[in-house]
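The values are calculated or read from the model by the stated rules, or taken from the named source; none is laboratory data. Just so we're clear, the structure is a prediction, and the values are computed from it rather than from any experiment. Quick reminder, even Gly has a Cβ in these numbers, built from the backbone with ideal geometry, and neighbours come from all protein chains shown.
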Number of protein chains: 2
Amino acid sequence: MARNLQDHILQTASGLFYSQGIKATGVDAIVKAAGTTKMSLYKYFPSKDDLVLAHLNKSRDAMLNRILAGVELRASEPKQKLLAVFAVFDELLASPEFRGCPFINASAEFAEAANPVQLAAAEFSDAFREILAELARQAGSPDPEQLSQQLAMLISGAIVSEQMRRQSGAMRIASAAAKILIEQSLTTAG
Amino acid sequence: MARNLQDHILQTASGLFYSQGIKATGVDAIVKAAGTTKMSLYKYFPSKDDLVLAHLNKSRDAMLNRILAGVELRASEPKQKLLAVFAVFDELLASPEFRGCPFINASAEFAEAANPVQLAAAEFSDAFREILAELARQAGSPDPEQLSQQLAMLISGAIVSEQMRRQSGAMRIASAAAKILIEQSLTTAG
DNA sequence: TTGCAACTATACAGACCGGTATGTATTATT
DNA sequence: AATAATACATACCGGTCTGTATAGTTGCAA
């Protein structure tokens, strides 16, 4: 199935980490699910922490790419692209496998501020916000930093809300708020 | 110090659960920090799960009361009260002990959807949103449910943002967005 | 066919987990 | 002074955790 054992292990671990939580997923469970052995896992990932960070890096790349591709697919004008981000996330939340944001969850699981996991989570957060800021800039917002941060908050808030109560249509409601904030920000530009 | 040992244990556990995470906090650590023994802990709390739920219930009450009191202290008109909620949270985020929202974090730590912890988190979330909805209703919003959900998202989003990157002034930026959404919602009323 | 590398199988080490058993000291009430 | 409740001290249980050691198996290539 998987040509590369290392990738296969990472992929399996990634799925378990996301669906069950990182601390709740033992190495034995990963090994069993991947159909391999501890020896092989520890050959490619010297420690569970390394595997966790690999998982976060992989998830970060996958998520950013998915957002960029989804936006490109749905809109051509910057202002519409900003709203398309919400549509991409709305689709994500609809999936039955949805279990919140991997980075928010990881950040909550590893409390210590200096933890590498925290850093990885912040790294994604910054990258995501930069995407929004660039779109806001292109749309002509006079304060793309502030607008992008506000939109990012709406999205994280909607994710958290949907995580606690499924099928609440949180992202749609966030999108309505986004529309107002975007409009307001752009008309202040003139 | 503590008149009631049960309360003392709960208070100690609550602090550790919040600052270090629930799964990261062992019963032994709680016992040691509280200066008592396992036997006494297990007399009042039959299992760690019971202690965790007691912690969440206590945190819920404390948080809701703090919000209500803080709002009452800061504003008298409903519209101003809605904005005062953001000021209350802004104060919370400024504390060096701030480590995110106890309920968002707990929800992330316990992945299973049917878990009592998830239920407790959702319970707080609903109660909080109902406070906002009532204020929105009093302020004359034509759709208090939607407005309250949007404001709640901004707040959770700001909390999560501040958790990953401290001193970012997230709540102030969320408050600016809230002001726009509230104004927009109320002028649509007439 | 031999040799080598990748992978498997399994057992184990050592630490920590939640939870229990047994017994003792302290305090207040009667 | 006797009793009962409360809390402490300590050792222990079975289980699980990450990580390692040792040995056997497979497949491929020279």
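Considering only residues that are among the charged types (D, E, K, R) and away from DNA strand D (no atom under 16 Å from the Cβ), which ones fall in region A:26-62?
Those that are among the charged types (D, E, K, R) and away from DNA strand D (no atom under 16 Å from the Cβ): A:K58, A:R60, A:D61.
Go through region B:13-33 residue by residue and tally those that are acidic (D, E) and not in a helix (DSSP H, G or I).
Going through region B:13-33 one residue at a time, the tally reaches 0.
If I go through region A:122-156 residue by residue, how many of them are more than 13 Å from the chain's Cα centre (by Cα), assigned to a helix (DSSP H, G or I) and not hydrophobic (A, V, I, L, M, F, W, C)?
10
Can you find a residue in region B:10-19 that is in contact with a Phe, Trp or Tyr (Cβ under 9 Å, 6 or more places away or on another chain) and within 16 Å of DNA strand C (Cβ to nearest atom)?
Within region B:10-19 (the criterion being in contact with a Phe, Trp or Tyr (Cβ under 9 Å, 6 or more places away or on another chain) and within 16 Å of DNA strand C (Cβ to nearest atom)), the answer is yes, since at least one residue qualifies.
Out of B:E91, B:E112, report the one residue that is within 16 Å of DNA strand D (Cβ to nearest atom), outside the structural domain of B:G21 (by TED's automatic domain parsing) and surrounded by fewer than 19 Cβ atoms within 10 Å (Cβ to Cβ).
Of B:E91, B:E112, the one residue that is within 16 Å of DNA strand D (Cβ to nearest atom), outside the structural domain of B:G21 (by TED's automatic domain parsing) and surrounded by fewer than 19 Cβ atoms within 10 Å (Cβ to Cβ) is B:E112.
Would you mind stating whether A:F86 is within 20 Å of B:Q163 (Cβ to Cβ), more than 7 Å from every other protein chain (Cβ to nearest Cβ), surrounded by 18 or more Cβ atoms within 10 Å (Cβ to Cβ) and touching a residue at least 40 places away in the same chain (Cβ under 8 Å)?
no
Could you tell me whether A:S59 is among the hydroxyl-bearing types (S, T, Y), in a helix (DSSP H, G or I), assigned by TED's automatic domain parsing to the domain that holds A:G169 and surrounded by fewer than 21 Cβ atoms within 10 Å (Cβ to Cβ)?
Answer is yes for this residue.
Whether any residue in region B:63-81 is among the charged types (D, E, K, R), closer than 23 Å to B:R99 by Cβ and within 14 Å of DNA strand D (Cβ to nearest atom) is what I want to check.
If we filter region B:63-81 for residues that are among the charged types (D, E, K, R), which is where we start, we get B:66, B:72, B:74, B:77, B:79, B:81.
Now restrict to residues that are closer than 23 Å to B:R99 by Cβ: B:66.
Going one step further and asking which of them are within 14 Å of DNA strand D (Cβ to nearest atom), we end up with none.
The answer is no; no qualifying residue exists.
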